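Structure first, then comments.
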Amino acid sequence: MAWRALHPEQFEWITRPHEPGEPARHVAELSDAAGFSHVRGNVWRYEPGAKGRRHRHATQEETFVVLAGTLTMYLGEPPERVDVPIGGLIHVEAGTALQSANHGDGDLLVYAHGYPPENQNAELLDPAV
């Protein structure tokens, strides 16, 4: 098929591991459903107060587009805080330490696009927050 359209109600949300009482992160993995062959794409939903794990990708660069809320990223060594509002974009080069968080009162919704897709897991780092 030369194209595919996905509607939000088609997303299959996966709740990522988190501690009891800790706000959750949810991901809709879109690469297979959208037919991506050379990139990776996910939509992330962070509950208020949720934060991702600080990590670094060896070869994959990532671009994040904020669909709802404000994305807070902690980037580099030492971590520098960058806030990205709804409609904004942030691009992170491969090898850069990053951690994302939702410090807002409502859900954060972010589209994450990665290239090239990595076959191994990212290197996990000590948290920035």
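The values are calculated or read from the model by the stated rules, or taken from the named source; none is laboratory data. The model shown is predicted, which means the values in this text are computed figures rather than measured ones. Positions of Cβ are backbone-derived with ideal geometry, glycine not excepted, and every protein chain shown enters the neighbour counts. Just so you know, the surface numbers come from the protein's heavy atoms only, side chains and all, with ligands and any DNA or RNA stripped out. Shrake-Rupley method; radii C 1.70, N 1.55, O 1.52, S 1.80 Å.
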### Query
Pairs under 7 Å by beta carbon, first residue closer than 13 Å to GLY104 by Cα in region 68-82, partner charged (D, E, K, R), six or more apart or different chains?
ALA68/ASP107; GLY69/ASP107; THR70/ASP83; THR72/ARG81; THR72/ASP83
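If you scan region 21-32, which residues turn out to be among the hydrophobic types (A, V, I, L, M, F, W, C) and either modelled with pLDDT under 95 or buried (at least 16 other Cβ atoms within 10 Å of the Cβ) (or both)? Walk me through it before giving the result.
At the first step, the residues of region 21-32 found to be among the hydrophobic types (A, V, I, L, M, F, W, C) are 24, 27-28, 30.
Of everything in region 21-32, those that are among the hydrophobic types (A, V, I, L, M, F, W, C) and either modelled with pLDDT under 95 or buried (at least 16 other Cβ atoms within 10 Å of the Cβ) (or both) turn out to be VAL27, ALA28, LEU30.
For (1) among the hydroxyl-bearing types (Ser, Thr, Tyr); (2) modelled with pLDDT under 95; (3) under 20 Å from GLN99 (Cβ atoms); (4) in contact with a His (Cβ under 7 Å, 6 or more places away or on another chain), each residue gets a yes or a no:
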{"position": "ALA5", "(1), (2), (3), (4)": "no, no, no, no"}
{"position": "GLU19", "(1), (2), (3), (4)": "no, yes, yes, no"}
{"position": "THR63", "(1), (2), (3), (4)": "yes, no, yes, yes"}
{"position": "ALA68", "(1), (2), (3), (4)": "no, no, yes, no"}
{"position": "THR72", "(1), (2), (3), (4)": "yes, no, yes, yes"}
## Note on the structure
Checked region 92-129 for anything small (Gly, Ala, Ser) and part of a loop (DSSP other than H, G, I, E, B); matches are ALA94, GLY95, ALA97, GLY104, GLY106, ALA122, ALA128
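How many residues does region 11-32 hold that are over 16 Å from the mean Cα position of the chain (by Cα) and within 11 Å of VAL43 (Cβ to Cβ)?
0
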### Task
Only strands (runs of 3 or more DSSP E) wholly contained in region 39-91 count here; list those with 2 or more residues that are under 23 Å from TRP13 (Cβ atoms) and open to solvent by 60 Å² or more (accessible area, probe 1.4 Å).
40-46
